[in-house]
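The values are calculated or read from the model by the stated rules, or taken from the named source; none is laboratory data. On a predicted model such as this, the values are computed, not experimentally measured, just so you know. As a convention, Cβ positions derive from the backbone with ideal geometry for all residues, glycine included, and neighbour counts pool all protein chains shown. Keep in mind that these areas ignore ligands, DNA and RNA; they rest on the heavy atoms of the full protein, side chains included. Shrake-Rupley method; radii C 1.70, N 1.55, O 1.52, S 1.80 Å.
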Amino acid sequence: MVGRLYATQNPKKGKGDTVTQPHKAKPNAMAFYNPQGFVPAFKQAKAFAGKGGRVATLPDIIEARLASKPGDVPWESYFTSMSAEYVGLSKAGHPIAIVAHGIGPMATLDGVLATYEHEFRDKNRDRRGGRITQAEFLKLESGEYGEVDVISLESTWGWREYQFSGHAITCKEIEEEPLWQARLGNRWLEYARYHAAHASEWERKNSLDYPRPCILAMDGANNCSYNNREMFDHWMKETPGTAIAHLLSIGQLMRSHHQYYKYDYRMMENRTSLASDVSAHEWWNGTRLLGIQPGSNDLIVHPGLPPYHELVKKHLDKLWGANPKGERETSNGFWHLLKIGKQNFTEYPKQGEQMDLGEPEFLVTAIKRVGTPQQFRTTIGGYHGFVKYGINEVRRLAPHGANAYTVGEFEIESTDGNPTHHVAPVTFYKVTADTSRRLVRMNHIYRDFELIMKLVD
């Protein structure tokens, strides 16, 4: 039985807000996200797990969800797992899927890298998906690695026209489809019913009236789909002598707007559901892994590092690094300003025309507004949803004595329906900054396991 994180009403919060109250015992499971991808996230999760520990499989995440409820960590984060799905031709020549939890070719870091290198070693990015050899696939099928689930893909394809298309499905449908059961692990039925009960309660509160709630969207790999026999045959022909292989991920619980196939699998209706997805992890996807320490059957799950600005608010004293070339206080510079909590900071400088980085560098020790806000207007180069500009564009507008600025909310100017410019108010300041020390950057924190453990609560 997995331990529970209890959610209780917080008297300091508004009605309906909750706060997670952990056990008094020290957490023995922790989430590790890393923007640099799978390898550093895996190494840090393993370091936390320690000798005899493990990185979570999908059934581990299911166990953690069964012992908690929506609003708690296991439900509110996505997780990449050490469960894997392999797709290829059986010994008898039939299309099959094999699901293995924590065993098989992808059970180790070296095995994961060897599988995905089919994709990430390709400089042209024309190759898709992970691959293992047909010999390894047949070893899995025969049970040489241990107990696995072997599922007929022909039967899976027969349920609906587009089986791995991300359409959310109900508990009843999961009860009828062996591949979805295999993905979730031994407690699939208990979990499906538990999730459905929470989803039904949520629907009642939101005045939604469906016969059965949709709870899970089952999907494959978007870049290497085995949605139907035609797609499967395409990928098998592209890399003969291999089988497709991916780790499995589970998404956070979300309010999902989707189309639902009714029971004849031909008619569709639009639905809003409290659902999460289970899908194949592609190499370029974001990675969050759960490290689990040995020595207890109860999991107390810690969410891992909070967002960087939250770290600055809570642990500012732990984030300073020396800057030997800096001065105790200076006004020499031209900075974009950030306010985090009650503190003002200068932002790390960007190079060229880029989006603002959002990373604080120096503490502002004195600040005074100069002049009145002015309109800043810059051309759109590329996608209009990304605001990119050079700091010198702003500097040209600065009044005498100003050495810092903030930018308001950007609006889009268009000509004949085509976005051409970003426009926003800019306010200028005269500031003094302490440049003798600078804040550690987020990418440095993600590389430093010891620092991570000092920063988590």
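Here is a yes/no grid of residues against (1) within 22 Å of residue 279 (Cα to Cα); (2) among the aromatic types (Phe, Trp, Tyr); (3) in contact (Cβ under 8 Å) with a residue 24 or more places away in the chain; (4) outside any strand (DSSP E or B):
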position	(1), (2), (3), (4)
233	yes, no, no, yes
240	no, no, no, yes
246	yes, no, yes, no
249	yes, no, yes, no
Practice prompt. For region 407-422, enumerate the residues that are open to solvent by 20 Å² or more (accessible area, probe 1.4 Å) and either part of a strand (DSSP E or B) or within 23 Å of residue 366 (Cβ to Cβ) (or both).
Written response: 407, 408, 411, 412, 413, 414, 415, 418, 419, 420, 421
Discussion item. Take residue 86 and tell me if it is hydroxyl-bearing (Ser, Thr, Tyr), open to solvent by less than 60 Å² (accessible area, probe 1.4 Å), at pLDDT 90 or above and within 22 Å of the chain's Cα centre (by Cα).
Written reply: no
Worksheet item: Do any helices (runs of 4 or more DSSP H) lying entirely in region 36-80 carry at least 2 residues that are open to solvent by less than 10 Å² (accessible area, probe 1.4 Å) and over 13 Å from residue 299 (Cα atoms), and which ones are they?
Response: 38-49
Worksheet item: Inside region 155-192, can you point out the residues that are open to solvent by 50 Å² or more (accessible area, probe 1.4 Å), out of contact with any strand residue (DSSP E or B) (no Cβ under 6 Å at 6 or more places or on another chain) and of a type outside the set (Phe, Trp, Tyr)?
Response: 155, 158, 161, 172, 175, 176, 186, 187, 189, 190
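The rows are residues; the columns are (1) touching an Asp or Glu at 6+ places or on another chain (Cβ under 8 Å); (2) not in a loop (DSSP other than H, G, I, E, B).
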site	(1), (2)
333	no, no
352	no, no
358	yes, no
362	yes, yes
369	no, yes
374	no, yes
397	no, no
445	no, yes
Item to complete: Look at residue 339 and say whether it is under 17 Å from residue 437 (Cβ atoms) and open to solvent by 30 Å² or more (accessible area, probe 1.4 Å).
Response: no
